[in-house]
Amino acid sequence: MPPHRSKSEKNDGMAKHLRRDPYEVLGVLRNSTDQEIKSAYRKMALKYHPDKNGNDPVAADMFKEVTFSYNILSDPDKRRQYDTAGFEVSYTCI
């Protein structure tokens, strides 16, 4: 019998293929400073954090997406790669 998986885990494989633009996720412009990106991330992370939203799978998915986006935009090399090639670059080591 396969292990029990939550709805967010079942949809996680599909979500990886449908990633949104990290700038759009965080609500910042492409020319935003590191501080603006960090500030936007903190605001959204607090809003969607699992500890604040109980068992809300939508909030959990948003938190994951916000964190994924911040991981790209907060690293100068990953941000440069994303700005150049989009998601065609592999971010599996994040």
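The values are calculated or read from the model by the stated rules, or taken from the named source; none is laboratory data. Source: prediction; values computed, not measured. As a convention, Cβ positions derive from the backbone with ideal geometry for all residues, glycine included, and neighbour counts pool all protein chains shown.
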- Complete set of residues in the stretch 1-52 that are at pLDDT 50 or above and of a type in the set (A, V, I, L, M, F, W, C): Leu18, Val25, Leu26, Val28, Leu29, Ile37, Ala40, Met44, Ala45, Leu46
- Message: Among the residues of the stretch 43-65, what is the count of those that are assigned to a helix (DSSP H, G or I) and either under 15 Å from the mean Cα position of the chain (by Cα) or buried (at least 16 other Cβ atoms within 10 Å of the Cβ) (or both)?
- Response: 16
